[in-house]
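Trainee: Right, I'll just put the structure down here and ask away after.
Laboratory data are not the source of any read-out in this text; all were calculated from the coordinates shown. Just so you know, these numbers come straight off a predicted model, no measurement behind them. Virtual Cβ from ideal backbone geometry, glycine too; neighbours counted across all protein chains shown.
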Amino acid sequence: MHSPLPENPGPGKLFPERKNSIMGKNRLKGKHLRKTDFPSDIAKSVAINIMTKHYKHVSNDEKIEIINDVLSDPENFVEHPHLYPLALALTGKPKLKSDYEVYELKNSGNFNIYGEEHIDDNAIRQMEAAMRLPISAKGALMPDAHHGYGLPIGGVLAARNAVIPFGVGLDIGCRMALSIYDLPADYIQKKEYDLHKALKRCTHFGNDGTLDFKVDHEVLERPEFKATALLQKLHGKAWYQLGSSGTGNHFVEFGMVAIHEGNGLGIAPGKYTGILSHSGSRGMGAAIAAQYTRIATEKCKLPRELQSMAWLNMDEEAGQEYWLSMNLAGDYATACHDVIHRNLERELGLEAICKVENHHNFAWKEIHQDEELIVHRKGATPAAKGELGIIPGSMSSNGYIVSGLGDPGSLNSASHGAGRKMSRKEAKEKITKSSMNKLLSEHRVKLIGGGVEEASAAYKDIEAVMSSQQQLVKVEGAFTPKIVRMNKS
């Protein structure tokens, strides 16, 4: 359940690598587009052909939303690798040839691997390829790592004067947030009905809709929303999706918190109640990733297998725009968690005594061995000396509150979860709902929504992952899920 693969709405769907549907049920036909206003039948045919060829694993509702995005602003898609034929059918313009900069790859690049026995060869090969980029300085692979798009999930890459949009990923600022409450150990059991009802009312998951009551946050008043045309355009979507969560492995859950002796949280050791959430920047982050990945691929000519790792130089306008947009998206993701926790606290009359939170899809400017580098952590938790973070497990296994040990070999990083053992497709084929429900029952976990693709059996053993990173983090406490809400499956 706590894998890093983001599942976001909006422009993030422009990347056909998202395969979260069954192809047979999602074949787009003319009848599905009756309410869509095309300027010609040719444009409609082009749209259907693109969806059939490149977006076969995306739901029809998402396909229609993608088409509507192109119809509303075709100029923005004339260089898109899959959607440009539709954009050109709408604008009548020829496809422009980009002026590429040609880069030579390094022969190899060294990086540290933690928990190699838990990591598939394809993720290691993917990290090896990333280290060959001429901008790559240092790298590390966390024990929860698995193959991703661009940089592997669980990959850490430090670059010189450059930022890689897909080194961060689609779900910019995807993060964990844990609020801790000084409540008796039996609070969740006694208040189960109220907590269940609060989760249903105060959270929303998925690619459509939002909360059914108005929410606000000061992040939406930030002047950066006026800095670029894209951010201006995204402001409305940010308002609409504030306080909601994505699909896939995103969740909000109540659980039991055990804080250890000598912890760095500033609270007494003992048993507490907690709210743990996992989500990111929603459609805003996906749109930023899509646009600046397109710009980067126009500028960098790389081998096909590395094209998604195209970068933006930090001393160029596009690099500065992405950096500003990425940081705003990260703050927006933080705001979404703030709103989720605040809504639940108001609903239940709770007041937190401690909060721990961290990004795990982001890039930071950091000094390593006296050199400033851009450190990309795609599915990795920052773990500088004394830095607090959360490493979740799965629906039915513990997550851990940790403090970093500042290990230089990991670039001050740790895993961001247990990591997937099975792809979502494989999980759907191998795990039955009854076996998932049996395990949840054994652990006395109540699940709202969710599905077998996020079942515990689809994930690595969190205890083995934690054992592989003892030099990276100190365990300060544990979180045990009890009432979990996820997107409907």
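Trainee: For Thr52 and Arg34, compute 0.36 nm times the residue count separating them, minus their Cα-Cα distance, and round to one decimal in nm. Present the calculation step by step, with values, prior to reporting the outcome.
Mentor: Details: separation 18, 0.36 × 18 = 6.48 nm, distance 1.73 nm.
Length gained between Thr52 and Arg34: 4.7 nm.
Trainee: How much length is gained if the chain between Lys233 and Arg201 is pulled fully straight, taking 0.36 nm per residue apart and subtracting their Cα-Cα distance, in nm to one decimal?
Mentor: 8.6 nm
Trainee: I want to check the label-to-label distance for Gln471 and Ala384. Put each point 7 Å from Cα in the C-beta direction and report it in nm to one decimal.
Mentor: Inter-label distance under the simple model: 2.2 nm.
Trainee: Can you tell me which lysines have their Cα less than 28 Å from the Cα of Lys191? Leave out same-chain residues fewer than eight positions away.
Mentor: Reachable lysines: Lys200, Lys214, Lys271, Lys355, Lys433, Lys438, Lys446, Lys482, Lys488.
Trainee: Another question, then. Kindly provide the trypsin sites (Lys or Arg not before Pro) of the range 137-222 that DSSP labels as loop, not H, G, I, E or B, and whose Cβ sees at most 11 other Cβ atoms within 10 Å. Intermediate values should be presented prior to the final figure.
Mentor: Numbers: sites: Lys138, Arg160, Arg175, Lys190, Lys191, Lys197, Lys200, Arg201, Lys214; in loops: Arg160, Lys191, Lys214.
Loop-located and lightly packed - Lys214.
Trainee: Could you work out how far helix 192-202 tilts from the main Cα principal axis of the chain, as a 0 to 90 degree angle to the nearest 10?
Mentor: The angle comes out at about 30 degrees.
Trainee: Then there's this: If you look at just the Cα atoms of the chain, how large are its Rg and its Dmax in Å?
Mentor: 22.0, 69
Trainee: Can I ask one more? Once the Cα atoms of helix 433-442 and of the chain are each reduced to a long axis, what angle between those two axes, in degrees from 0 to 90 to the nearest 10, is obtained?
Mentor: 30
Trainee: Continuing with this model, one more query. Based only on other Cβ atoms within 10 Å, what is the fewest-to-most ordering of Thr52, Thr293?
Mentor: Fewest-to-most ranking of Thr52, Thr293: Thr52, Thr293.
Trainee: I would also like to ask the following. Could you pull out the pairs from Lys421/Lys474; Lys29/Lys425; Lys237/Lys430 whose alpha carbons sit more than 31 Å apart here?
Mentor: Violating the 31 Å limit, Cα to Cα: Lys237/Lys430.
Trainee: A further question on this structure: Pull out the extension gain between Glu371 and Lys190, defined as 0.36 nm times the separation in residues minus the alpha carbon to alpha carbon distance; nm, one decimal.
Mentor: Details: separation 181, 0.36 × 181 = 65.16 nm, distance 5.37 nm.
Here the answer is 59.8 nm.
Trainee: Taking neighbour counts of Cβ atoms within 10 Å as a proxy for exposure, in what order, fewest first, do Met127, Met51, Met314 appear?
Mentor: With the sparsest Cβ surroundings first, the list reads Met314, Met127, Met51.
Trainee: When only C-alpha pairs under 8 Å and at least 6 residues apart count, what is the relative contact order of the range 167-488, in percent?
Mentor: Contact order relative to length: 25 percent.
Trainee: Can you spot the aspartates and glutamates whose alpha carbon is less than 14 Å from Lys385's alpha carbon? Ignore those fewer than 8 places along the same chain.
Mentor: Glu366, Asp407, Glu476
Trainee: What does the highest-first list of 472-480, 251-259, 56-64, 232-240 look like by mean Cβ count within 10 Å?
Mentor: Listed from highest to lowest mean packing, they are 251-259, 472-480, 56-64, 232-240.
Trainee: May I ask you to sort Lys433, Lys446 by Cβ crowding, counting other Cβ atoms within 10 Å and putting the fewest first? Numbers along the way, then the final one.
Mentor: Working: Lys433 12, Lys446 18.
Listing Lys433, Lys446 from fewest to most nearby Cβ atoms yields Lys433, Lys446.
Trainee: Sticking with this structure for a sec: Can you tell me the orientation of helix 60-72 relative to the chain, as the angle in degrees between its alpha-carbon axis and the longest Cα principal axis, to the nearest 10?
Mentor: 50
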